[in-house]
Structure formats: structure tokens, C-alpha cells
Amino acid sequence: MARAMFEYTKTVLTKVSFNSELFCREVEKAMERLLPHEIHELMIWLRSFTSNKPELLVCLNIIELK
């Protein structure tokens with residue numbers, strides 16, 4: 001079940017990546033719902049996903065601050 005939530009989170013983030021405000025909001029939700037090791041995996045995925053989307057890099061601060 002937990003792995004399904006991680007995959008669902010990645011799907012949602014991919015779909016809302018057109019809007020940085022929505023993207024950041026979904027990252028915040030993910031931080032509340034995912035397990036600690038999944039948050040670490042999400043951070044790795046986010047770094048890769050946002051590498052060519054500079055407007056989304058600001059959302060990485062959400063994870064780094066928590």
C-alpha cells in the first residue's frame with residue numbers, strides 16, 4: 001500500500017508540473033503522507049525530474065527544510 005502512495009505521488013507531481021504553485025502544494029502534501037524512506041526517494045526523484053525545469057526547483061526547499 002505504501003509503495004502505491006509513492007507511485008501515485010510521482011504521477012500527480014508529473015501531471016501538475018505545468019504550474020509551480022500546484023507542484024509545491026503537492027510536494028507539501030507528499031511530505032505529510034509518505035514514510036521517511038519514501039521522502040528520501042522522492043527527493044532523489046525530484047532532483048532528477050526538476051533538473052530541466054528551473055521554475056520547479058524552488059519546491060525542493062520544502063523537503064530540505066523539513
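So for the chain, averaging the separation of alpha carbon pairs under 8 Å that are six or more residues apart and normalising by length, what relative contact order in percent results?
Relative contact order, the chain: 36 percent.
In whole percent, how big is the carbon plus sulfur part of the accessible area of the chain, probe 1.4 Å, protein atoms only?
Of the solvent-accessible surface of the chain, carbon and sulfur hold 58 percent.
Starting from the exponent 0.38 and prefactor 2.2 Å, build the expected Rg for the chain from its residue count and divide its actual Cα Rg by it.
0.99
How large is ³J(HN,Hα) for each residue in the stretch 31-37, as worked out from phi by the Karplus curve 6.51 cos²θ - 1.76 cosθ + 1.60 (θ = phi - 60°), to whole Hz, x for Gly and Pro?
After applying 6.51 cos²θ - 1.76 cosθ + 1.60, I find 4, 7, 9, 8, 6, x, 5 Hz.
For the stretch 14-22, just list the computed ³J(HN,Hα) in residue order, Karplus coefficients 6.51, -1.76 and 1.60, θ = phi - 60°, integers in Hz, with x standing in for Gly and Pro.
So the J values, rounded to whole Hz, are 5, 6, 9, 5, 6, 10, 5, 5, 5.
What is the extension gain from Thr14 to Lys29, computed as 0.36 nm multiplied by their sequence separation minus the C-alpha to C-alpha distance, in nm to one decimal?
Roughly 4.0 nm would be gained on extension.
With +1 on the Cβ of every Lys and Arg and -1 on the Cβ of every Asp and Glu, and nothing else charged, how large is the dipole of the chain about its Cα centre, in debye rounded to the nearest 20?
It works out to roughly 120 debye.
The values are calculated or read from the model by the stated rules, or taken from the named source; none is laboratory data. The shown structure was predicted, so the numbers you read here are calculated from the model rather than taken from an experiment. Counting neighbours? That spans all protein chains shown, and the Cβs are built from the backbone with ideal geometry, glycine included. With ligands, DNA and RNA removed, areas are computed over all heavy atoms of the protein, side chains included. Shrake-Rupley method; radii C 1.70, N 1.55, O 1.52, S 1.80 Å.
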